[in-house]
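Here's a structure for you.
The values are calculated or read from the model by the stated rules, or taken from the named source; none is laboratory data. This is a predicted model, so every value here is computed, not measured. Because the Cβ atoms are built from the backbone with ideal geometry, glycine has one as well, and the counts that use them run over all protein chains shown.
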Amino acid sequence: MTDRIEAGGRLAGPDDDSETLAGHRRSRMRVYLPLGLVVLVSVAAAQLAQARDPDGRYANSPLKEWFDGLRSGKGPCCSDADGTAVSDVDWESKDGHYRVRLEGIWIDVPDEAVVTEPNRAGRAMVWPIKSYMGVTIRCFMPGSMT
């Protein structure tokens with residue numbers, strides 16, 4: 001009977017403290033894990049959303065303002081620094097749809113990702129978004145194929 005009284009009305013056992021401690025750890029993990037994931041996704045989204053011109057080489061380009069204003073049906077393309085020039089052999093049009101070859105893999109360009117205004121840069125450009133699910137195309141601007 002004294003064991004029950006000393007344990008606060010329940011029978012104390014050898015694993016009583018370790019089970020309580022494990023329960024607290026699980027409870028904290030339920031809070032911290034989703035919070036950590038939210039922070040990680042937020043940081044990744046902020047990195048993708050920023051227009052990149054780390055060394056300022058495009059700041060004085062006569063086409064900078066035009067590049068900054070480029071948009072597809074998927075939204076703004078950002079700037080020339082975000083885009084990648086594509087050689088003529090690395091993009092093609094077939095049956096009214098485009099595809100590009102990035103890092104040796106052909107990727108279909110969604111119709112809404114095609115930039116429809118005239119290409120003032122002349123060369124084909126693509127704005128890929130890389131994620132854990134693979135590569136998607138945010139914007140694609142066909143070149144003059146010269």
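Out of the residues in the stretch 41-94 meeting the condition of being in a helix (DSSP H, G or I) and not hydrophobic (A, V, I, L, M, F, W, C), tell me which one is modelled with the lowest pLDDT. Spell out the reasoning first.
Taking the stretch 41-94 and keeping what is in a helix (DSSP H, G or I), we get 41-49, 64-69, 88-90.
Remaining after also requiring not hydrophobic (A, V, I, L, M, F, W, C): 42, 47, 64-65, 68-69, 88, 90.
On the way: 42: 48, 47: 45, 64: 83, 65: 86, 68: 85, 69: 89, 88: 91, 90: 95.
Within the stretch 41-94, the match that is modelled with the lowest pLDDT is 47.
A further question on this structure: Please work out which residue is farthest from residue 77 (Cα to Cα), limiting yourself to the stretch 107-135 and to residues that are among the β-branched types (Val, Ile, Thr) and surrounded by 11 or more Cβ atoms within 10 Å (Cβ to Cβ). If you could, list the steps in order and put the result at the bottom.
First, pick out the residues of the stretch 107-135 that are among the β-branched types (Val, Ile, Thr): 107, 109, 114-116, 126, 129, 135.
Now narrow it down to the ones that are surrounded by 11 or more Cβ atoms within 10 Å (Cβ to Cβ): 107, 109, 114-115, 126, 129, 135.
On the way: 107: 18, 109: 14, 114: 10, 115: 9, 126: 9, 129: 11, 135: 15 Å.
Per the criteria, the residue is 107.
Let me ask something additional. So residue 98 fits all but one of (1) in contact with a Lys or Arg (Cβ under 8 Å, 6 or more places away or on another chain); (2) surrounded by 18 or more Cβ atoms within 10 Å (Cβ to Cβ); (3) aromatic (Phe, Trp, Tyr); what number is the exception?
Tallying (1) in contact with a Lys or Arg (Cβ under 8 Å, 6 or more places away or on another chain); (2) surrounded by 18 or more Cβ atoms within 10 Å (Cβ to Cβ); (3) aromatic (Phe, Trp, Tyr), residue 98 fails exactly one: (1).
Being at pLDDT 90 or above and out of contact with any Gly (no Cβ under 7 Å at 6 or more places or on another chain) is the requirement here; does residue 104 meet it? Steps first, answer last, please.
Working: at pLDDT 90 or above: yes; out of contact with any Gly (no Cβ under 7 Å at 6 or more places or on another chain): yes.
Against the criterion (at pLDDT 90 or above and out of contact with any Gly (no Cβ under 7 Å at 6 or more places or on another chain)), residue 104 qualifies.
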